[in-house]
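What follows is a single structure, written as structure tokens, with notes after it.
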Amino acid sequence: MAKIVVIGGTGLIGSKVVAKLTEHGHEAVAASPNTGVNSLTGEGLAEALAGANTVVDVSNSPSFAPEDVLEFFTTSTRNLLEAEAAAGVTHHVALTIVGTNRPQNIPYFTAKVAQEKLIRESGIAYSLVHATQFFEFVGSIADISTDGDTVRLPGALIQPIASEDVATAVARAAAGTPLGDVEIAGPEAFGMDEFVRRGLTFRGDPRTVVRDDDAPYYGVRIEERTLIPLDDAQIFETRLEEWLPLNPPRK
């Protein structure tokens, strides 16, 4: 079985990926700043990657400010790829997002595009797992779009996915041969407003969700199909109505 290092391995997705890989007999190593490995500074990378066959990067920027997120993904990825080349790593797996191959003006997407370019040009075989938005962000999307008791969101389409399914896709990629680019999504497409409305209604949240196609999504206006996958995406089965009862909002 392979030694697989998971950068961001103690976070929402990373911890699930480590558990899945370990369950299937791999030596999965959770690497993050609280385990002494920091991809942004390079601290601990050489030691963590020694003897590794595969590196999985599910780390995320602590700040979504345009300059910060671009700096995080480019610097972190350069450090990782350099350490991988020195360690003889043969497969780089990164979690990215659906829509980076289409015109848009979202700073986070711009940063992920830059990350993907570095990976593709590195000379190391890779798998880029492009995921749609996670169910887990239904509350935070509502919160950043709230004015008083009203949540204003566009009707642009979204095809959200459970983080458990994202972790399954990433773990499969890590345990297999390099895939190149693959898209993953949940089974249902909603308008952004409908997605959040269903989540808040189920949770008894009194806020009113209003469709406003000029309303921003994380600060920018999005097109109708920016966030949904193309026709050849891998579709996972978990539906929003199944996920909600098992995932109450955090207190």
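When the chain is fully extended, how far beyond the present Cα-Cα distance does T146 get from N101, taking 0.36 nm per residue of separation?
Once the chain is fully extended between T146 and N101, it gains 13.2 nm.
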- Where GluC sites (Glu not before Pro) fall in DSSP loop in segment 35-67, at most 16 other Cβ within 10 Å: E43
- How many angstrom lie between the C-alpha centres of segment 24-84 and segment 114-191? 19
- Of the accessible area of the chain, computed with a 1.4 Å probe and all protein chains kept, carbon and sulfur make up a percent value of 51
- Query: Considering only the other residues whose Cβ falls under 13 Å of the Cβ of N53, what net charge follows from Lys and Arg at +1 and Asp and Glu at -1?
  - Reply: -1
- Longest principal axis of the chain (C-alpha) makes with the long axis of helix 12-23 (C-alpha) an angle, in degrees to the nearest 10, of 50
- Item | Within the chain, helix-based [θ] at 222 nm, where runs of 4 or more DSSP H residues each add -39,500 (n - 2.57), nearest 500 | -10500 deg cm²/dmol
- Taking a probe of 1.4 Å, how large is the accessible area per residue of the chain, in Å²? 47
- Around N79 (Cβ within 13 Å, Cβ-to-Cβ, excluding N79; K/R +1, D/E -1) the net charge comes to -4
- Count the lysine pairs in the chain that are 8 or more places apart or on different chains: how many have C-alpha atoms under 22 angstrom apart? 4
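The values are calculated or read from the model by the stated rules, or taken from the named source; none is laboratory data. Remember, it's a predicted structure, so these values are computed and weren't measured experimentally. Heads up, the Cβs are rebuilt from the backbone with ideal geometry, glycines too, and the neighbour counts pull from every protein chain shown. Areas reflect the complete protein model, heavy atoms only, side chains present, ligands, DNA and RNA absent. Shrake-Rupley method; radii C 1.70, N 1.55, O 1.52, S 1.80 Å.
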